[in-house]
1. Please verify whether the stretch 251-268 includes one or more residues that are part of a helix (DSSP H, G or I), aliphatic (A, V, I, L, M) and touching a residue at least 40 places away in the same chain (Cβ under 8 Å).
2. Check the stretch 82-97 and report whether any residue there is assigned to a strand (DSSP E or B), farther than 21 Å from D36 by Cβ and not aliphatic (A, V, I, L, M).
3. Failed condition for E44, given (1) surrounded by fewer than 20 Cβ atoms within 10 Å (Cβ to Cβ); (2) acidic (D, E); (3) under 23 Å from Q196 (Cα atoms), with all others met?
4. Is it the case that some residue within the stretch 225-241 is charged (D, E, K, R), more than 28 Å from E273 (Cα to Cα) and either modelled with pLDDT of 95 or more or in a helix (DSSP H, G or I) (or both)?
5. Confirm whether D264 is more than 15 Å from L130 (Cβ to Cβ) and at pLDDT 95 or above.
6. For S201, indicate whether it is assigned to a helix (DSSP H, G or I) and modelled with pLDDT of 95 or more.
7. Does any residue in the stretch 105-125 that is part of a loop (DSSP other than H, G, I, E, B) come within less than 7 Å, Cβ to Cβ, of a residue that is at pLDDT 95 or above and of a type in the set (F, W, Y) six or more places away or on a different chain, and which pairs are these?
8. Looking at the stretch 272-280, can you tell me whether even one residue there is more than 20 Å from the chain's Cα centre (by Cα), over 20 Å from H50 (Cβ atoms), without any contact (Cβ under 8 Å) to a residue 24 or more places away in the chain and surrounded by fewer than 19 Cβ atoms within 10 Å (Cβ to Cβ)?
Amino acid sequence: MKAVSMRKILFTLALLCSSANSLSAPISEHHFYNRDGLRLHYLEAGQGAHTLVFIPGWLMPASVFRLQLEALSSQFRVLAFDPRSQGQSEIYYGSHTVAVRMNDMADFLHAAQVHDYVLAGWSLGVLESLDFIERTPQAGLRGLILIDNSIGAGKPPAARSSTFFADLASLERRQQFLTTFTENIFKAHAPDDITQAAVSSVLQVPVQASIQLISQPYPRSYWRGIVFKQTIPVLYAIRPHLREQGEDLLKNNTTRAQVEIFSDSGHAMFVDEPQRFNSLVAAFVQRSFTGVP
């Protein structure tokens, strides 16, 4: 009998936890092969007329959005993507450049038969979502949710510590560094299955891929330009350190922008304050599709 991988065990536990909630639609898993022949994965719940797509952060799995898949699937079709090397997608030791990641997103939307939808990106997923809609204009995009990352507005954020990349590449320090990093994205005690799945995902990504993913090739003005020219509704959900960027968005953006500040949450605010977050997202998706709050 073949050994069962730890990431498969953690993923199964997450699905079992989700099925315990009788009010939520069952979460199903899907695999497809992208244009490069990689086996990629996504989660799906709900069969609503409106579709909501989540893109996770740096090295994170789709399953960090379990609470959203559960709560929002009663109203919408909800999808969460595992980019290459993350979560349940195939681990790849080659390129993780911006271009191939954008191709993967396009292949995912095609495989999942996504047409009209709201796109929600978290952390690195904010930048990847913005880059994606800039490179590949989306006729069916109805709204954009940007979760807790810089959008190139206001003053530049503080630089990372000088040891960040050294710790990331160190054989001796990498595991502890990434484990601590992952645990610190939650301010409150997160469900064990979500924490464990997140830790498992960040540790499996090849070292060079993890460095390549965080080394974005654009100036800050690139992101600001994309956000500010949108004519669709934009929801910017942030912590207080990004308040200035939120104010800049409201001041200069011509869309129906909405800024929500989560003062009592960690980086994964959708896990720390799921009820508030889910209510905001549900109202935003409804407004994006119908124009009615």
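The values are calculated or read from the model by the stated rules, or taken from the named source; none is laboratory data. Nothing here was measured: the structure is a model prediction, and the numbers come from that model. Methodologically, a virtual Cβ is constructed for each residue, glycine included, from the backbone with ideal geometry; neighbour enumeration extends over all protein chains shown.
1. The initial filter retains those residues of the stretch 251-268 that are part of a helix (DSSP H, G or I), namely 251-252.
Next cut, aliphatic (A, V, I, L, M) only: none.
No, the conditions are met nowhere in the stretch 251-268.
2. Within the stretch 82-97, the first condition is being assigned to a strand (DSSP E or B), and the residues that meet it are 82.
Checking the rest, the ones that are also farther than 21 Å from D36 by Cβ come to none.
No, the conditions are met nowhere in the stretch 82-97.
3. In the conditions (1) surrounded by fewer than 20 Cβ atoms within 10 Å (Cβ to Cβ); (2) acidic (D, E); (3) under 23 Å from Q196 (Cα atoms), E44 misses (1) alone.
4. Let us first name the residues in the stretch 225-241 that are charged (D, E, K, R), namely 229, 239.
From what is left, the residues that are more than 28 Å from E273 (Cα to Cα) are 229.
Adding the requirement that they be either modelled with pLDDT of 95 or more or in a helix (DSSP H, G or I) (or both) leaves none.
The answer is no; no qualifying residue exists.
5. Values: more than 15 Å from L130 (Cβ to Cβ): yes; at pLDDT 95 or above: yes.
The answer is yes for D264.
6. yes
7. Matching pairs, first to second residue: A112/Y42; S123/W58.
8. Pass one, the stretch 272-280, residues more than 20 Å from the chain's Cα centre (by Cα): none.
No, every residue in the stretch 272-280 fails to be more than 20 Å from the chain's Cα centre (by Cα), over 20 Å from H50 (Cβ atoms), without any contact (Cβ under 8 Å) to a residue 24 or more places away in the chain and surrounded by fewer than 19 Cβ atoms within 10 Å (Cβ to Cβ).
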